[in-house]
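The values are calculated or read from the model by the stated rules, or taken from the named source; none is laboratory data. Only a predicted model underlies this, so the values are computations on that prediction, with no experimental measurement involved. Note: ideal-geometry Cβ built from the backbone for every residue, glycine included; neighbour counts use all protein chains shown.
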Amino acid sequence: MQWTDSAILLSIRKYGENSALVRAFSREHGVYGGVVRSATSKTMRGVVQSGNIVSATWQARLQEQLGSFKLEMTEPVAALLMQYPDRLAALTSVCALVESALPERHPYPRLYTLLTQFLQLLKTGEDWQQHYIYLELELLAETGFGLDLRECAATGEKENLVYVSPKSGRAVSEDAGMPYREKLLPLPSFLLPANKKNLAKGAEILDGLHLTGYFLEHWLLAPHHRKLPAARSRLIYIVKENNAAKTDS
């Protein structure tokens, strides 16, 4: 059994003396695990990094076996972000989240395309924070847990949508949600379908991360007895610190 595909490396763990156990998200085959031999060698050390885009060949005698990877670098994303701690944290977070959230060996070609587009944004630094949140929303949608932010769940109103119900994942208008506002989640305006081109503000970014994080944790991960990756918590901490520094200056 063998295939070759474009892939994004999600995680690397030491395996034996010189090898590594690598999990990769491939365009046509989904998340796969495999052993990379001589992963600590000079030629492979820079390749085997989370977030790098590679050409991956996976091979095993039987489909159900762990298998092995042969990797060729396509884009050294991780190295390009080393000097940007916040963007590197976003890269680490999204890789850990995809690894935790997606089932093994199930293709998500659209999500793969969106993730590669996000990696390009990380390289340029252009509005990457709000696009990170867009990507988490797409991850929810692609796995069957999409939010409905088009109209108020209670009234059908399309204006003044400021909350999201944690039970239904649907938007709620200001008037309808006011009596229950303590139980509802804030809905940042840049996440509304009509406002996709609007630039998010600092506080809205944190509200957006809180919103997507709630549904990722409670809807997507909790049924499988998983939690949000620690890398995502580190990302939120860095975003908070950066926003606080901008406010102080």
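Results, tabulated for the structure shown:
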quantity: Any hit, the range 180-187, residues being of a type in the set (A, V, I, L, M, F, W, C) and not in a strand (DSSP E or B); calculated: yes
quantity: Any hit, the range 72-95, residues being farther than 30 Å from residue 39 by Cβ and buried (at least 17 other Cβ atoms within 10 Å of the Cβ); calculated: no
quantity: Residues within the range 18-63 that are in contact with a helix residue (DSSP H, G or I) (Cβ under 9 Å, 6 or more places away or on another chain) and not β-branched (Val, Ile, Thr), tallied; calculated: 15
quantity: Residue under evaluation residue 228, criteria (1) outside any loop (DSSP other than H, G, I, E, B); (2) crowded, with 20+ Cβ neighbours inside 10 Å; (3) assigned by TED's automatic domain parsing to the domain that holds residue 142, criterion not met; calculated: (1)
quantity: Single residue of 72, 99, 64 found to be farther than 20 Å from residue 124 by Cα, in contact (Cβ under 8 Å) with a residue 60 or more places away in the chain and not polar (S, T, N, Q); calculated: 99
quantity: So residue 171, is it without any contact (Cβ under 8 Å) to a residue 60 or more places away in the chain, among the aliphatic types (A, V, I, L, M), over 22 Å from residue 94 (Cβ atoms) and not in a helix (DSSP H, G or I); calculated: yes
quantity: Residues that are hydroxyl-bearing (Ser, Thr, Tyr), in the same structural domain as residue 237 (by TED's automatic domain parsing) and closer than 22 Å to residue 220 by Cβ, drawn from the range 117-164; calculated: 132, 134, 143
quantity: Selection within the range 35-51 - without any contact (Cβ under 8 Å) to a residue 12 or more places away in the chain and of a type in the set (D, E, K, R); calculated: 42, 45
quantity: Strands (runs of 3 or more DSSP E) (entirely within the range 1-82) containing at least 3 residues that are among the polar types (S, T, N, Q); calculated: 2-15, 53-59
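For (1) within 30 Å of residue 105 (Cβ to Cβ); (2) at pLDDT below 95, each residue gets a yes or a no:
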position	(1), (2)
183	no, no
195	no, yes
198	no, yes
212	yes, no
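So that you can scan it fast, the table gives a plain yes or no per residue for (1) buried (at least 19 other Cβ atoms within 10 Å of the Cβ); (2) among the basic types (Lys, Arg); (3) in a loop (DSSP other than H, G, I, E, B):
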| residue | (1), (2), (3) |
| --- | --- |
| 116 | no, no, no |
| 123 | no, yes, no |
| 132 | yes, no, no |
| 137 | yes, no, no |
| 144 | no, no, yes |
| 152 | yes, no, yes |
